[in-house]
Amino acid sequence: MIIYTGKDYYDVSRKAANIMSAQIIMKPNAVLGLATGSTPVGMYKQLIEWYKKGDLDFSQITSVNLDEYKGLSGDNDQSYRYFMNTNLFDHVNIDKARTYVPNGLEEDSEKACADYNEIIRSVGGIDMQLLGIGGNGHIGFNEPGAAFEKETHCVDLTESTIKANARFFETMDDVPKQAYTMGIKNIMTAKKILLVATGETKADALYKSLYGPITPNVPASILQLHPDVTIVADEGALKLIREKGLL
């Protein structure tokens with residue numbers, strides 16, 4: 001495990017973009033596992049900037065996203081497909097036919113999950129998986145629970161997640177109550193993992209994930225068993241780790 005410290009969000013984003021761009025340059029037809037949320041937006045902006053300068057080529061890249069809300073179409077402005085188009089795909093020369101997100105409109109959960117697992121297998125697996133981390137240690141929509149979910153599955157969103165998402169929707173009833181997400185096995189079979197974390201609100205989760213017991217109660221703790229994990233975090237997210245003299 002390698003930990004890089006960024007001075008602030010911009011510096012963290014640039015360092016993370018450096019790692020992702022190195023993967024793209026070293027393997028132009030790489031399969032990238034991508035994530036949504038506020039954490040990777042700065043990284044995506046940096047990748048777009050380098051692409052526009054002619055430093056990066058996405059033409060042979062394949063991408064698979066971690067998750068998608070069940071019930072939302074890709075043109076819904078709160079869907080993760082829309083997020084990826086807006087924050088990355090629309091601005092680089094990636095072939096959108098090779099950008100995969102779980103099918104939120106597939107009502108049959110078993111079919112949606114089986115189809116997505118097959119996509120991940122068919123593209124040859126993930127070369128580099130990008131992750132954020134939740135304040136409770138969740139990765140993707142793999143929330144704390146009794147067991148590590150293995151592959152893509154349908155999750156009932158927690159009340160706290162639904163409330164946190166409510167600000168993006170007109171009414172509480174409009175907020176999706178379920179999502180399709182890659183499971184821990186999908187994530188752990190990626191060749192490399194890049195986890196990005198910023199802010200003191202992530203300090204406890206990051207410490208428990210990297211140095212606490214491996215337990216489904218902290219889903220990201222499973223990353224301790226992965227052979228190639230890189231962490232890019234700011235001082236706030238690393239606060240507890242530094243205080244305990246582990247860095």
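Using 0.36 nm per residue of separation minus the Cα-Cα distance, give me the extension gain between Leu246 and Ser38 in nm, one decimal. If you can, show how the numbers build up before the last one.
Working: separation 208, 0.36 × 208 = 74.88 nm, distance 2.72 nm.
Taking Leu246 through Ser38 to full extension adds about 72.2 nm, to one decimal.
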Computed over segment 2-242, the relative contact order (Cα-Cα under 8 Å, seq sep at least six) in percent reads 24
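Only sites in a loop by DSSP and with at most 10 other Cβ atoms within 10 Å count here; which trypsin sites (Lys or Arg not before Pro) in segment 30-68 make the cut?
Working: sites: Lys45, Lys52, Lys53; in loops: Lys53.
The qualifying sites are Lys53.
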Sorted from largest down, what three extents in whole angstroms do the Cα atoms of segment 1-105 have along their principal axes?
-> 38, 28, 27
Under a plain spin-label model, where a point goes 7 Å from the Cα along Cα-to-Cβ, how far apart in nm are Ala114 and Phe168?
-> 2.9
Area of Ser38 that stays accessible when all protein chains are in place (1.4 Å probe, Å², to 10) | 90
Please find the FRET efficiency linking Ile25 to Glu107, where r is the Cβ-Cβ separation and R0 is fixed at 35 Å, and quote it to the nearest 0.05.
-> 0.30
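Hand me the trypsin sites (Lys or Arg not before Pro) from segment 104-174 located in a DSSP loop with no more than 16 other Cβ atoms within 10 Å, in residue order please. Let's see the in-between values first.
Values: sites: Lys111, Arg121, Lys150, Lys163, Arg167; in loops: Lys150.
Counting only loop positions with at most 16 other Cβ atoms within 10 Å, the trypsin sites (Lys or Arg not before Pro) in segment 104-174 are Lys150.
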Trypsin sites (Lys or Arg not before Pro) lying in DSSP loop within segment 183-247, provided at most 15 other Cβ fall within 10 Å = Lys244
Viscosity 1.567 mPa s, temperature 4 °C: Stokes-Einstein D of the chain from its Kirkwood Cα radius, in µm² per second?
-> 71
What whole-number value in Å² describes the accessible area per residue of the chain for a 1.4 Å probe?
-> 46
Ignoring ligands and nucleic acids, Ile19 exposes an accessible area, probe 1.4 Å, in Å² to the nearest 10, of 40
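Among residues other than Val175 whose Cβ falls under 11 Å from its Cβ, what is the net charge (Lys/Arg +1, Asp/Glu -1)? Intermediate values should be presented prior to the final figure.
On the way: positive: Lys163, Arg167, Lys177; negative: Glu159, Glu170, Asp173, Asp174.
Around Val175, the charge tally is -1.
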For Glu151, Glu107, Glu49, what's the largest-to-smallest order of accessible area, 1.4 Å probe?
-> Glu107, Glu49, Glu151
Could you check the simple spin-label distance between Lys52 and Gln224, using points 7 Å along Cα→Cβ, in nm with one decimal?
-> 4.3
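Can you give the helix-only mean residue ellipticity at 222 nm for the chain, where every DSSP H stretch with n ≥ 4 adds -39500 (n - 2.57) and the sum goes over all residues, rounded to the nearest 500 deg cm²/dmol? Working shown, then result.
On the way: 8 runs with 78 residues, N = 247.
Using -39500 (n - 2.57) per qualifying helix, the result is -9000 deg cm²/dmol.
The values are calculated or read from the model by the stated rules, or taken from the named source; none is laboratory data. This is a predicted model, so every value here is computed, not measured. Cβ: placed from backbone, ideal geometry, glycine included. Neighbour counts: every protein chain shown. SASA here: full protein model, heavy atoms, side chains in, ligands and nucleic acids out. Shrake-Rupley method; radii C 1.70, N 1.55, O 1.52, S 1.80 Å.
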